[in-house]
Amino acid sequence: MTGTITPQLATGHVGINVTDLDRSVTFYRDALGFEPLAVHREGEHRYAFLGTGGTLRLTLWQQSDGRFSPETPGLHHLSFEAASIQEVRTVEAALKALGTEFAHDGVVAHGE
């Protein structure tokens with residue numbers, strides 16, 4: 001078809017399956033500063049909508065009882081943008097204070 005315009009879409013939010021909703025909400029709130037916009041903890045459908053400035057950025061769904069496997073299809077990584085390297089170092093310090101295990105030591109620079 002000539003003249004067809006393909007829309008250019010921007011990333012809206014990312015949804016992640018988690019094994020423990022409360023633990024995950026606490027982590028993303030305390031370590032990365034996301035605010036819970038809505039949390040549903042009743043029944044079999046447990047989920048949370050997290051964001052910044054009232055904008056939805058991340059959804060967490062407690063519907064997994066397995067462990068992460070790099071050998072299966074799925075989310076490769078989750079990336080967050082920071083305004084400065086100092087913001088990155090502040091988040092890194094918060095993660096270390098929470099006992100987070102790092103795959104790499106220190107800030108890993110990327111060309112993107």
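Can you tell me the relative contact order of the chain? Whole percent, Cα pairs under 8 Å, sequence separation 6 or more.
Over the chain, the number comes to 23 percent.
Each residue of segment 71-88 in turn: what ³J(HN,Hα) in whole Hz from Karplus with 6.51, -1.76, 1.60 and θ = phi - 60°, glycine and Pro shown as x?
Rounded to whole hertz, the list is 8, 10, x, x, 4, 7, 7, 10, 10, 10, 9, 10, 6, 8, 5, 5, 4, 4.
Taking the chain as a Gaussian network, Cα atoms linked when under 10 Å apart, which of Ser79, Ser64, Ser24 shows the biggest mean-square fluctuation?
Answer for the Gaussian network model of the chain: Ser79.
Leaving out ligands, DNA and RNA, and with a 1.4 Å probe, what % of the accessible surface on segment 1-107 is carbon or sulfur?
On segment 1-107, the fraction of accessible area on carbon and sulfur atoms equals 52 percent.
Under unit Cβ charges (Lys, Arg +1; Asp, Glu -1), what dipole magnitude, rounded to 20 debye, does the chain have relative to its Cα centre?
160
Most fluctuating residue of Thr59, Thr72, Thr26 in a GNM of the chain with Cα springs under 10 Å: which is it?
In this elastic network of the chain, the residue with the biggest mean-square fluctuation among Thr59, Thr72, Thr26 is Thr72.
How many percent of all Cα-Cα pairs in the chain sit more than 24 Å apart?
37
The values are calculated or read from the model by the stated rules, or taken from the named source; none is laboratory data. All of these numbers come straight from a predicted model, not from anything done at the bench. Don't worry about glycine lacking a Cβ; one is built from the backbone with ideal geometry, like all the others, and counts go over all protein chains shown. Quick note on the areas: whole protein, heavy atoms, side chains included, nothing else; ligands and nucleic acids left out. Shrake-Rupley method; radii C 1.70, N 1.55, O 1.52, S 1.80 Å.
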